[in-house]
Amino acid sequence: MLWSTLFTSVLAGLASALPAPEVPTTSSTWNPRLILYFQTTHDRNGRPISMLPLVKEKGIAMSELYICSFHINAGGVIHLNDYPPSDPRFLTLWNETMIMKEAGVRIMGMVGGAASGSFTQETLDGDTATFEHYYGQLRDVIRQFELQGMDLDIEQHMSQEGAYRLIERLHKDFGDDFVITMAPVADSLIGPDSFGDLNYTAIESGLGREIDWYNAQFYSGFGNMSTPDDYLRIIDYGWKPYKVVIGQLTSPANGWPYVPYDQLNATIVTLRDKLHHRIGGIFGWEYFNSLPGGEAKPWEWAQVMTQILRPGMVPKMPISRTL
């Protein structure tokens, strides 16, 4: 997405508000994250879709997998997509997450997304009693299914104070080892949030040490990775590259624009060279129909992305259970 010179110059003054968090590791040992969102859990015949090929197939170095999408429902109970997460239809999913964790993949949840309701004044952005009630549902799901982190995908209006309260509460209840991420559209990192009016610069300045990284959506008109330009604008604005993960569609069926992986590879090569291999990584939305394998072999996307992110490196996955 192109940004006007005037718009950029006005916002550039805010960049100094971003903190300079401690670098997590040296550039020579930094491995970019490879992340997938797992939302479609069953095929068109109602059979569970397995995530295990992501640790069974060769040449894949997954770092995180998000189980999604959790929805907070005013007057009701939390759902994973259309059903409570404890519904028997998810038995395969939860059993497989245990194996994925043993193989070295961090299993996290994502709350929110395109569906409305999770972050309103009737739920997580409400008064103290309302927040405690609905936050309690989310907290209990995290504990019950031993999720190792939570992604906050706030795509409707939420107050800045409400976002702070949620982040701080998750950190307080689950500690430093629990990963907290956010999923803004890419242009929200250098300007007003296109959905919920959140100021991500202010969030990073105030709570950056409690937020591990940002899954920036470079699609749907909010950014494009056919060239390095949009990512570099965010870095030039003041964001640390290791905190900004590049969000990509895994198939043109999932939205637009879909950037073919040969073109994406050229962009990533340029970014690696310019940023000394310190890019945050890549996430894919979503797993079940990822190209080039499609619904028959969706894990092939992760094989391609492993080579793009870590060319020439042989993934080592510490699997301790027969798959």
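The values are calculated or read from the model by the stated rules, or taken from the named source; none is laboratory data. Values in this document were obtained by computation on a predicted structure and should not be read as measured data. Glycine gets a Cβ as well: all are built from the backbone with ideal geometry, and neighbour counts include every protein chain shown. Remember, those area values only see protein heavy atoms, side chains included, never the ligands or the DNA or RNA. Shrake-Rupley method; radii C 1.70, N 1.55, O 1.52, S 1.80 Å.
In contact with a Leu (Cβ under 8 Å, 6 or more places away or on another chain), within 26 Å of Gly294 (Cβ to Cβ), open to solvent by 10 Å² or more (accessible area, probe 1.4 Å) and among the aliphatic types (A, V, I, L, M), is that true of Ile99? Explain how you work it out, then say what you get.
On the way: in contact with a Leu (Cβ under 8 Å, 6 or more places away or on another chain): yes; within 26 Å of Gly294 (Cβ to Cβ): yes; open to solvent by 10 Å² or more (accessible area, probe 1.4 Å): yes; among the aliphatic types (A, V, I, L, M): yes.
Here the answer is yes, as Ile99 does meet what is asked.
So which residues in segment 41-68 are surrounded by fewer than 22 Cβ atoms within 10 Å (Cβ to Cβ) and assigned to a strand (DSSP E or B), if there are any at all?
His42, Pro48
Restricted to segment 198-232, and to residues that are in a helix (DSSP H, G or I), of a type outside the set (Asp, Glu) and out of contact with any Asp or Glu (no Cβ under 9 Å at 6 or more places or on another chain), which residue is nearest to Met305 (Cα to Cα)?
We begin by selecting, within segment 198-232, every residue in a helix (DSSP H, G or I); these are 200-210, 229-232.
With of a type outside the set (Asp, Glu) added as a condition, the list becomes 200-203, 205-209, 231-232.
Now restrict to residues that are out of contact with any Asp or Glu (no Cβ under 9 Å at 6 or more places or on another chain): 201-203, 205-206, 208, 231-232.
Values: Thr201: 29, Ala202: 32, Ile203: 30, Ser205: 31, Gly206: 33, Gly208: 27, Tyr231: 17, Leu232: 20 Å.
Applying the filter and picking the extreme gives Tyr231.
Report, by residue number, each residue of segment 169-197 that is in a strand (DSSP E or B) and among the hydroxyl-bearing types (Ser, Thr, Tyr). Spell out how you get there, then give the answer.
If we filter segment 169-197 for residues that are in a strand (DSSP E or B), which is where we start, we get 179-182, 185.
Scanning segment 169-197 gives a single hit, Thr181.
Listed residues Gly104, Gly126, Gly136, Gly109; which is open to solvent by less than 30 Å² (accessible area, probe 1.4 Å), assigned to a loop (DSSP other than H, G, I, E, B) and either out of contact with any Phe, Trp or Tyr (no Cβ under 6 Å at 6 or more places or on another chain) or in contact (Cβ under 8 Å) with a residue 40 or more places away in the chain (or both)?
Values: Gly104 fails: open to solvent by less than 30 Å² (accessible area, probe 1.4 Å); Gly136 fails: assigned to a loop (DSSP other than H, G, I, E, B); Gly109 fails: assigned to a loop (DSSP other than H, G, I, E, B).
When all the criteria are applied, what remains is Gly126.
Can you go through Asp212, Asp187 and tell me which one is out of contact with any strand residue (DSSP E or B) (no Cβ under 6 Å at 6 or more places or on another chain) and of a type in the set (D, E, K, R)? It would help to see each step written out before you state the result.
On the way: Asp212 fails: out of contact with any strand residue (DSSP E or B) (no Cβ under 6 Å at 6 or more places or on another chain).
Exactly one of Asp212, Asp187 is out of contact with any strand residue (DSSP E or B) (no Cβ under 6 Å at 6 or more places or on another chain) and of a type in the set (D, E, K, R), namely Asp187.
In this structure, does Asp151 turn out to be in a strand (DSSP E or B), charged (D, E, K, R) and modelled with pLDDT of 95 or more?
Numbers: in a strand (DSSP E or B): yes; charged (D, E, K, R): yes; modelled with pLDDT of 95 or more: yes.
Answer is yes for this residue.
Does any residue of segment 262-274 turn out to be open to solvent by 10 Å² or more (accessible area, probe 1.4 Å) and in contact with a Phe, Trp or Tyr (Cβ under 8 Å, 6 or more places away or on another chain)?
We begin by selecting, within segment 262-274, every residue open to solvent by 10 Å² or more (accessible area, probe 1.4 Å); these are 262-263, 265-266, 269-270, 272-274.
So of that shortlist, the ones also in contact with a Phe, Trp or Tyr (Cβ under 8 Å, 6 or more places away or on another chain) come out as none.
So far as segment 262-274 goes, no, none of its residues is open to solvent by 10 Å² or more (accessible area, probe 1.4 Å) and in contact with a Phe, Trp or Tyr (Cβ under 8 Å, 6 or more places away or on another chain).
Scan segment 291-303 and tell me whether some residue there is under 24 Å from Trp30 (Cβ atoms) and not aliphatic (A, V, I, L, M). Reasoning before the result, please.
Step one: of segment 291-303, the residues under 24 Å from Trp30 (Cβ atoms) are 301-303.
In the following step, the residues that additionally are not aliphatic (A, V, I, L, M) were identified as 301, 303.
Within segment 291-303 (the criterion being under 24 Å from Trp30 (Cβ atoms) and not aliphatic (A, V, I, L, M)), the answer is yes, since at least one residue qualifies.
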